[in-house]
Structures are given as structure tokens and as C-alpha cells.
Amino acid sequence: MTSLPSQIFRFAPSPSGHLHLGHAYSALFSWTQAQKHNAQFILRIEDIDTTRCRKEYADAIYEDLSWLGLNWTKPPRIQSEHTEDYDQALIKLKEQDLLYPCFCTRKDIQNEVRQSNRAPHGPDGLIYPGTCKNLSLSQREERIAQGESYALRLNMARARTLTGELYWLDEREGNIKATPEIFGDVVLARKDIHTSYHLSVTVDDALQNISCITRGTDLFEATHIHRLLQAVLKLPVPTWHHHELIHDEEGNRLAKRHNSLAIRELRGQGKSPEDIKEMVGIKNLS
Ligand code: GLU
């Protein structure tokens, strides 16, 4: 019996629409890297946002990827089926006093920022001004008991004191010093969903033993937070390879809303998998 290679690469789409050329590039990039390293290639369906994600889109993703000639060595991990793993991670963070409940609405945050005349921004927009961080334990308990909904935020300052300096390796950019504080106290469990992108992606990449995380440069900065979460959750540290994003002839980034560039649309127009590879410049992948 031959055993599977130990290195693992992944593609982790969110099934909130059909795959477009940008996704095809990302999937092919990861797949090509996996072939190059004689590694496994696996899939993860990032469907925690149940308001936006649908099963039929996940099915369409499998079909489009198979049509492109990709195959994966394990059944895909479906995030919505693993909420207990994210709960476990939240417990570990709570035990280290790294979370606090935040009752603020978007409007509350905007008002607070307006009043303070300071509006520091991070990669995800406005940095949370810390309103709920200053609530006392009894205030928190009372509001929770009254049924107010809340998100869980990371106490970034405390997390930083626990971790000290951190670094991560990007295959293109080299050794990077982690600066997760540029995001402020990020939400790790949303009000509507008991997790978040940052938490679930970090937990899953560890549980799936990913050795190199490939994804677009649009998520480069998010890696600072993921590196911090790995440190406080005591998870293994992989490498990352953030690839460039592809653009259309006018220089616009290819996004899901460009329906005409959905893979199935192009399939319908008679394009072949080879045509798609050429359109995304797969030959230039390195
Ligand atoms: N699910 C994310 C997306 O579709 C990608 C997450 C990742 O690769 O880390 O944009």
C-alpha cells in the first residue's frame, strides 16, 4: 500500500456564488504547487456564513473543478459541519482571558468614533474603539442575561503580551514580522454565527495539516491575525504563498459579480479547460 504524501496544499472557496476566473486561477495555482511539491491537494468549503452560502454552489464548485481537471485526495471539509471545533477554540481563548463580549452595533461604533474625533483604520476598515472592553463583569453578565446579542472580540493587547514577537514565512515575500495589532480587537465569533473567517480558517488549516497555505494577496494581511491565533491556540505553523490576483483587460479585479466570467458561463460558451488555463495565465505559474 502506498501512503499519501505528507505535504498538503488546499483550496478553500466560499460557496456564495459560482466560481469565476479568479477562483480558477487560485485553485489551479494551489493544485500546480501541490504537483510541484509532490504534495496532496485538498478542498475545504468555507460556508460558515449560512446567509450567503448555498449547497448548490458547493456542488457546482466540485463540478467546475473536476471539469478543470483537478482532483483532491480526501472528501472536502465542510465548515458548517464542524462548528464544535470552532467552539473548542473559543473555549481555549476564553481560558486565557483573550475574549470579551461586544454588544455594539455598526452604528454604535460609528457614533463612538465620531465623538472621539479619531477614526483609525486597519485592513478591514475602522478599528474597533474598545467600547465594550471597558464594561465590568457584572455589566456584561447583566446584558447577556437580558438577551442582548453579542459578538466575541479578541483582546489584542493581551494577546500580544502573551505571544511577544511573531514571524511567518511567505514563499514570495520571505520572512514577515506579524503585526496583527493593525486590525485592533477583531471579531472572532460573530453575533449571527458562532465563529468568524479568521477563527475557522486558522483552526481548519491546522486540523487539515496544511503545510503551505496558498491564497490571493487580498488575504495577505489577514495572515498576521492567523499567525497570532496559531500562537495562542498552540497550533502548528505552516508557510504561506500569497499569489497575485488576476485582472481583466481593463485592469478590474475579477470578482464574483462578473457573471460573464463564471467558469460555467465560459463552459457554456464552448471554452475548454485548456482555454481557461490560458485565460488565467496558468502557464506563467511558478
Ligand atoms: N474562503 C475564502 C474565499 O473564498 C478564502 C480563504 C482562504 O483561502 O484562506 O475568499
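The values are calculated or read from the model by the stated rules, or taken from the named source; none is laboratory data. All of these numbers come straight from a predicted model, not from anything done at the bench. Neighbour counts run over all protein chains shown; Cβ positions are idealised from the backbone, glycine included. Just the protein is used for accessible areas: all its heavy atoms, side chains included, with ligands, DNA and RNA removed. Shrake-Rupley method; radii C 1.70, N 1.55, O 1.52, S 1.80 Å.
For the chain, the longest principal axis of the Cα atoms and the long axis of helix 83-95 meet at an angle of about 40 degrees. Length gained on full extension, residue 52 to residue 111, computed as 0.36 nm times the residue gap minus the Cα-Cα distance: 18.4 nm.
Put simply, segment 1-73 fits an ellipsoid with semi-axes of 24, 13, 10 Å; these come from the alpha carbon gyration tensor as the roots of five times its eigenvalues, largest first. What's the angle, to the nearest 10 degrees (0 to 90), between helix 55-67's Cα axis and the longest principal axis of the chain? With both axes taken from Cα atoms, the answer is about 40 degrees.
Taking every DSSP beta bridge that has both ends in the chain, the antiparallel portion is near 50%. Which lysines have a Cα lying under 21 Å from the Cα of residue 36, excluding residues fewer than 8 positions away in the same chain? Those lysines meeting the cut-off are 74, 277, 283.
Residue order by solvent-accessible surface for 279, 156 is 279, 156, largest first, with ligands and nucleic acids left out and a 1.4 Å probe. With the simple spin-label model, which puts each label point 7 Å out from Cα in the Cβ direction, the residue 269 to residue 177 separation comes to 4.7 nm. Computed with a 1.4 Å probe over protein heavy atoms only, the accessible surface of the chain comes to 51 Å² per residue. Computed with a 1.4 Å probe on the full set of protein chains, the accessible area for residue 77 sits at about 30 Å².
Computed from Cα atoms, the angle from the helix 222-233 axis to the main principal axis of the chain rounds to 60 degrees. The candidates 124, 170, arranged from most to least accessible area with a 1.4 Å probe in the full protein assembly, appear as 124, 170. Helical runs assigned H by DSSP (4 residues or longer) give the chain a calculated mean residue ellipticity at 222 nm of -11000 deg cm²/dmol, each run adding -39500 (n - 2.57) before division by the residue total. Taking the accessible area of the chain, probe 1.4 Å, and keeping the other protein chains in place, the carbon and sulfur fraction comes to 48%.
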